[in-house]
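Report on one structure; see the data block that follows.
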Amino acid sequence: MNLLELNEISVEYQLGKNNILALSNVSFSMYPKEILGILGESGSGKSTLALTIMRALPKNARIIGGEVIFNGKNLLNLSEDELNSIRWKEISIIPQNSMNSLSPVHKIRDQLRDILLLHEPKLDEKEVINIMEEKLRLANISEDVLDKFPHQLSGGMRQRILIAASLLCNPEIIIADEPTTGLDVVTQYQILKELKNLQSAKGFSMMIISHDISVISNTSHRTVVMYGGKVVEIGPSDSVVESPLHPYTRMLLEVQMEISKKTQNELHSRTNFNKPHKSVGVNFTHHSGCPFVQRCPFATEKCKTEAPTLLKVNNDHYVSCFLFNK
Ligand SMILES: Nc1ncnc2c1ncn2[C@@H]1O[C@H](COP(=O)(O)OP(=O)(O)O)[C@@H](O)[C@H]1O
Ligand code: SF4
Ligand SMILES: [Mg+2]
């Protein structure tokens, strides 16, 4: 049974006189108790996807079509009041930028308390404190942070506070948007391990969004690969990494292997090994044809004018490419 179902979601942004198609007919499902990885380069539409599910898109965004079904309801049709009863309690998000997501002028205690009381107004102060402390412990951070301001904390600590915040109301789904980007590798590793342990202990479903294939493959049961606002491949993470189908996924893996080789070399020479991500770029000018056509070594004339659709290749593994769908 599906816990969350996205059907044909399309979203555009208005930027001056231009419309940017950030998501184009995105469809996939999320199962109960799974970690679903969303993998794609910067600009491929991952955060837009998270914000669409949370109905928290910026004002210049427009949902052109599609539905997000959760517990039999289309979240895109709900009123603001109905949505407020779902946000945090049923679905919560660990947003992409921890510095921007926390108020700089309020102590962590006040920020966590506000979230909790908004959804559980009947709690008394003692219960609020107990819950905040319990969630901070789960996120592996000391309760001392309650009396701190965000600028007094490291990036890893702020990220753990956002994880604790996402757990406050015991949601069924947690969406973690680039949960470790910008952190040092040791903290990245620890936080990902903790998120995985939390998910299996608590049994919620988690969507982990990342541009980094190693983050996704080390955490997720299944992987959705996005390119240019479209889903290009979905499958069990093991199959996606061991037998990638889409030329873009293969390219990502090659880039990853190159980075790990360099990383090894750099580690040996004791230089900084938190390498910046190497982008392979996304072209948004294409509204017809395959989104990957300009970079694809296998592209044919057909790829320029016709858009491939997701087709099942084997088991739970789907790809959108004419190499598999002639
Ligand atoms: N607020 C915005 N206004 C205009 N364009 C935006 C906005 N946010 C994102 N975009 C554009 O939408 C596309 C998808 O962005 P985003 O969802 O942030 O991708 P990702 O999270 O994969 O990096 C990009 O081309 C980006 O420039
Ligand atoms: S449909 Fe064509 S351009 Fe797109 S990934 Fe497949 S072969 Fe390449
Ligand atoms: Mg993003």
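Please tell me if Ser214 is among the polar types (S, T, N, Q) and over 30 Å from Asn130 (Cβ atoms). Talk me through it step by step, then tell me what you get.
Details: among the polar types (S, T, N, Q): yes; over 30 Å from Asn130 (Cβ atoms): yes.
Taking the combined requirement at face value, the residue satisfies it.
The listed residues are Ser98, Ser103, and the only one of them that is within 16 Å of ligand 1 (Cβ to nearest atom), out of contact with any strand residue (DSSP E or B) (no Cβ under 6 Å at 6 or more places or on another chain) and farther than 17 Å from Glu172 by Cβ turns out to be Ser98.
Within the stretch 29-41, the residues that satisfy the criterion of being under 11 Å from Met1 (Cα atoms) and either of a type in the set (Phe, Trp, Tyr) or not in a loop (DSSP other than H, G, I, E, B) (or both) are Ser29, Met30, Tyr31.
Quick one: would you say Ser10 is among the hydroxyl-bearing types (Ser, Thr, Tyr) and either under 12 Å from the mean Cα position of the chain (by Cα) or assigned to a loop (DSSP other than H, G, I, E, B) (or both)? No; evaluated as a whole, the condition is false for this residue. Only one residue in Glu34, Glu82 is of a type in the set (Asp, Glu) and closer than 25 Å to Tyr318 by Cα, so which one is that? Selected residue: Glu34, the only one of Glu34, Glu82 that is of a type in the set (Asp, Glu) and closer than 25 Å to Tyr318 by Cα. Of all the criteria given as (1) at pLDDT 95 or above; (2) in a helix (DSSP H, G or I); (3) under 22 Å from Asn314 (Cα atoms); (4) not aromatic (Phe, Trp, Tyr), the one not satisfied by Leu252 is (1).
Looking at Ser42, Ser10, Ser47, Ser29, just one residue is among the small types (Gly, Ala, Ser) and more than 15 Å from ligand 1 (Cβ to nearest atom), and that residue is Ser29.
When the stretch 193-211 is filtered for residues that are more than 16 Å from ligand 3 (Cβ to nearest atom), within 18 Å of Ala164 (Cβ to Cβ) and buried (at least 20 other Cβ atoms within 10 Å of the Cβ), the ones remaining, listed by number, are Leu195, Gln199, Phe204, Met206.
Scanning the stretch 85-117 for residues that are assigned to a helix (DSSP H, G or I), at pLDDT 90 or above and out of contact with any helix residue (DSSP H, G or I) (no Cβ under 8 Å at 6 or more places or on another chain) yields Asp110, Asp114.
Checking each residue in the stretch 164-182 for being within 16 Å of ligand 1 (Cβ to nearest atom) and polar (S, T, N, Q) picks out Thr180, Thr181. Can you name the residue in the stretch 311-326 that is more than 23 Å from the chain's Cα centre (by Cα) and in a loop (DSSP other than H, G, I, E, B) and is also nearest to ligand 1 (Cβ to nearest atom) among such residues? Of everything passing the filter in the stretch 311-326, Cys321 is nearest to ligand 1 (Cβ to nearest atom).
At pLDDT below 95 and more than 25 Å from the chain's Cα centre (by Cα): does that describe Glu120?
Numbers: at pLDDT below 95: yes; more than 25 Å from the chain's Cα centre (by Cα): yes.
Answer is yes for this residue.
Here is the figure for the stretch 290-310: residues that are surrounded by 12 or more Cβ atoms within 10 Å (Cβ to Cβ) and either within 16 Å of ligand 3 (Cβ to nearest atom) or outside any loop (DSSP other than H, G, I, E, B) (or both) total 3.
Condition first: on the phi > 0 side of the Ramachandran plot and either in contact (Cβ under 8 Å) with a residue 24 or more places away in the chain or small (Gly, Ala, Ser) (or both). Can you find one or more residues in the stretch 148-165 that meet it? No, that holds for no residue.
Could you check how many residues of the stretch 42-69 are in a strand (DSSP E or B) and out of contact with any helix residue (DSSP H, G or I) (no Cβ under 8 Å at 6 or more places or on another chain)? Break it down stepwise before answering.
Of the residues in the stretch 42-69, the ones in a strand (DSSP E or B) are 61-69.
When the remaining residues are screened for being out of contact with any helix residue (DSSP H, G or I) (no Cβ under 8 Å at 6 or more places or on another chain), the result is 62, 64-65.
Result for the stretch 42-69: 3.
The values are calculated or read from the model by the stated rules, or taken from the named source; none is laboratory data. Here the structure is a predicted model, which is why all the values come from computation and not from measurement. In this analysis, Cβ positions are derived from the backbone assuming ideal geometry, glycine residues included, and neighbour counts consider all displayed protein chains.
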